[in-house]
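Novice: Can you read through this structure? Questions will come right after.
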Amino acid sequence: MVLHVHNVTKSFGDYTAVNELDFTIPEQEMFGLLGANGAGKTTTFRMIIGLLRPTKGEITWKGQQIDQSMSSLIGYLPEERGLYPKLKVSEQLLYFARLRGMSKADANKEMDVWLERFKVPEYKNKRVEELSKGNQQKIQLISSVLHKPKLLILDEPFSGLDPVNVEMLKEAVIDLRNQGTTIVFSSHRMEHVEELCENLCILQKGSPVVAGHLKDIKRSFGKKNVVVHAD
Ligand code: ATP
């Protein structure tokens, strides 16, 4: 196991957003965090990447407590996308790659590979605000993986995308997993989790309802009941 979320609780004042969450993820696995709006997925991710400190419990990567000094290890696609609209795509990608310690030459080489892969090489010199939402999301994903993180956290990566872009992003994350990246992603749609993950955790109002192997969960709950929220 490389990622261990060990009995983690996060409270904001009197309000508990995440309550005694506990799961482990082996290397090179894709793990799904499923829950309706407000279930505590983003709060969990912010703790995993070291942006928020758990009120109780701890989160470790290979036995070491995660903090902000480990930022080059982690890639994060936030739910509220964090692109700078006035920057050119290349400037945006270079900015984040440099923050994570990449050389300019490596960042440029990698961004060309990814822009080709997502069939948007011509957007390299366009400003972010000129791109459609779907294409902005591709750029955001590229920005989170350019530095080849070992752990990739994707907050609702498929929301707001058309089916063609959903498929393109799914293929990309499957490839990243196959190349050795450990991935945790959130969704409120069971079908995304079902297709991509072996293990998952379902959160409801901050508390884990169930965590474990997809097959076991489906066996004990029945497929219909596992759908926590319809779009
Ligand atoms: P969504 O997809 O809607 O973002 P989520 O599952 O990601 O849902 P969170 O964003 O983690 O849920 O929020 C869980 C709960 O914690 C919500 O009720 C939210 O209002 C609350 N919350 C999150 N951050 C804070 C904060 N900084 N202060 C107070 N309450 C917060």
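Novice: Counting helices only, and only those DSSP H runs with n ≥ 4, report the 222 nm mean residue ellipticity of the chain as the sum of -39,500 (n - 2.57) divided by its residues, in deg cm²/dmol to the nearest 500.
Specialist: Here the helix-only value at 222 nm equals -10500 deg cm²/dmol.
Novice: I'd like to know which of Leu154, Gly101, Val193 lies farthest towards the positive end of the charge dipole of the chain, counting +1 on Cβ of Lys and Arg and -1 on Cβ of Asp and Glu.
Specialist: Gly101
Novice: In sequence order, what are the phi-derived ³J(HN,Hα) couplings for the stretch 49-60 according to the Karplus relation 6.51 cos²θ - 1.76 cosθ + 1.60 with θ = phi - 60°, rounded to whole Hz, with x for glycine and proline?
Specialist: Computed from phi, the couplings for the stretch 49-60 are 7, x, 6, 10, 9, x, 6, 9, x, 8, 10, 10 Hz.
Novice: Evaluate the charge dipole of the chain about its Cα centre and quote only its size in Debye, nearest 20, assuming +1 on the Cβ of each Lys and Arg and -1 on the Cβ of each Asp and Glu.
Specialist: The calculated dipole for the chain is roughly 300 debye.
Novice: If you take the square roots of the eigenvalues of the alpha-carbon gyration tensor of the stretch 30-71 and sort them as a ≥ b ≥ c, do you get rounded (a/c under 1.5), prolate (a/b over b/c) or oblate?
Specialist: Judged from the Cα gyration tensor, the stretch 30-71 comes out prolate (a/c at least 1.5, a/b above b/c).
Novice: Once you keep just the Cα pairs under 8 angstrom separated by 6 or more residues, what percentage relative contact order results for the stretch 98-217?
Specialist: Once divided by the residue count of the stretch 98-217, the mean separation gives 18 percent.
Novice: Continuing with this model, one more query. Relative to 2.2 N^0.38 Å, what does the C-alpha radius of gyration of the chain come to as a ratio? Two decimals please.
Specialist: Normalised by 2.2 N^0.38 Å, the Cα Rg of the chain equals 1.00.
Novice: Residue separation times 0.36 nm, minus the C-alpha to C-alpha distance between Ser11 and Arg98: what's the value?
Specialist: 28.0 nm
Novice: Which links in Lys41/Lys150; Lys150/Lys215; Lys109/Lys133; Lys41/Lys86; Lys88/Lys109; Lys104/Lys148 stretch past 18 Å when you go from one Cα to the other?
Specialist: Among Lys41/Lys150; Lys150/Lys215; Lys109/Lys133; Lys41/Lys86; Lys88/Lys109; Lys104/Lys148, the Cα-Cα distance tops 18 Å for Lys41/Lys150; Lys150/Lys215; Lys109/Lys133; Lys41/Lys86.
Novice: Sticking with this one: In whole percent, what relative contact order does the chain give with Cα contacts below 8 Å and a gap of six or more residues?
Specialist: With pairs under 8 Å counted, the relative contact order is 29 percent.
Novice: Still on this model: Are there trypsin sites (Lys or Arg not before Pro) in the stretch 10-78 that DSSP marks as loop and that have at most 13 other Cβ atoms within 10 Å, and which are they?
Specialist: Counting only loop positions with at most 13 other Cβ atoms within 10 Å, the trypsin sites (Lys or Arg not before Pro) in the stretch 10-78 are Lys62.
Novice: Counting only residues 5 or more places away or on other chains, whose amide H sits under 5 Å from the amide H of Tyr76 once H atoms are built in the peptide plane?
Specialist: Amide H to amide H, under 5 Å and 5 or more residues apart or across chains, Tyr76 pairs with Ile153.
Novice: Another question, if that's okay. Which angle between 0 and 90 degrees, to the nearest 10, do you get for helix 133-145 versus the longest principal axis of the chain when only C-alpha atoms count?
Specialist: 80
Novice: 5 Å is the cut-off here: which amide hydrogens, built 1.01 Å from N in the peptide plane, fall below it relative to Leu21, excluding neighbours closer than 5 in sequence?
Specialist: Under 5 Å from the amide H of Leu21: Val8, Thr9.
All of the numbers you see were taken from the coordinates with simple rules; none came from a lab. Because the structure is a prediction, the values reported are computed rather than measured. Because the Cβ atoms are built from the backbone with ideal geometry, glycine has one as well, and the counts that use them run over all protein chains shown.
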